[in-house]
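We did not get these values from a lab; they are worked out from the coordinates using the rules stated. Given the structure is predicted, the values throughout are model-derived calculations rather than measurements. When we count neighbours, we look across all protein chains shown, and the Cβ atoms used for this are built from the backbone with ideal geometry, even at glycine.
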Amino acid sequence: MSDSFITIVPTRVTADEVTEISKRTIDWLTKREIISQNLTDCVLGQNKGYSPGPKYNDIVDDINYELKKLKTNGLEIIINRQVFHNGENGLNEIRFQKCGANNIDSDWGEIIDSWDNKENDVLKCSECNNETSITNYDFRPKWGFGEFGLTFWNWPNLKNDFMDDLKRFLNKDIEMIYGRL
């Protein structure tokens, strides 16, 4: 069985905001008992995460899902510039918003590397020749670009009410990336 994840990427978070927004979000989720207070080995990779708290069921659609029985079941807080991709779910389209052209056959990989290195991240549309940041293209399945993210490892779908509360709390729009490794 592979591991799945849901990553929430708040939009327009600057590098200067990351530390503060991270601390506030952890505090907010801890006070609501959605996550535990201590970091543990409950996420994939080298990082530590926050295991589900006693009220994690308050924010998930499937309250019968036995998340706490899984070894990988935590919330990972990402506080560095990153492309939030969907893991092994593939990539079918990179649509330019202005004309709708699919730019999947372009040099988008090099442009993503440039974005990651804070260099020129402009991709020229193969159809209309307009140029814009790679972050303004629509990736399908969804990818996100940001300085901050919340990755829920193996959690079932999150309730819409929670997502609305999180948007209000952060005062940011959010992007949802669903993936599998």
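At an R0 of 30 angstrom, the distance between the Cβ atoms of Asp165 and Glu127 translates into a FRET efficiency of 0.15. For Rg and Dmax of the Cα atoms in Å, which listed value, [x] 17.9, 57; [y] 16.0, 47; [z] 17.2, 52, comes from the coordinates shown? Comparing each candidate, only [z] matches the computed number.
In loop segments of the stretch 107-171 as defined by DSSP, the trypsin sites (Lys or Arg not before Pro) with at most 12 further C-beta atoms inside 10 Å of their C-beta are Lys118. Note that the stretch 146-152 has calculated 3J(HN,Hα) couplings of x, 9, 8, x, 10, 10, 9 Hz, one per residue in order, obtained from phi through the Karplus relation 6.51 cos²θ - 1.76 cosθ + 1.60 (θ = phi - 60°); glycine and proline are x. Loop-resident trypsin sites (Lys or Arg not before Pro) (DSSP state other than H, G, I, E or B) in the stretch 8-45 with no more than 11 further Cβ atoms inside 10 Å of their Cβ: Arg12.
Each peptide in 55-64, 2-11, 42-51 receives the mean, over its residues, of other Cβ atoms within 10 Å, and ordering these scores from highest gives 2-11, 42-51, 55-64.
Return the loop-located GluC sites (Glu not before Pro) in the stretch 32-91 (DSSP other than H, G, I, E, B) with at most 16 other Cβ atoms within 10 Å of their own Cβ; answer none if there are none.
Taking the stretch 32-91 and a limit of 16 other Cβ atoms within 10 Å, the loop GluC sites (Glu not before Pro) found are Glu33, Glu66, Glu88.
Note on the stretch 1-111: Lys pairs 8 or more places apart or on different chains, Cα atoms under 28 Å apart, count 17.
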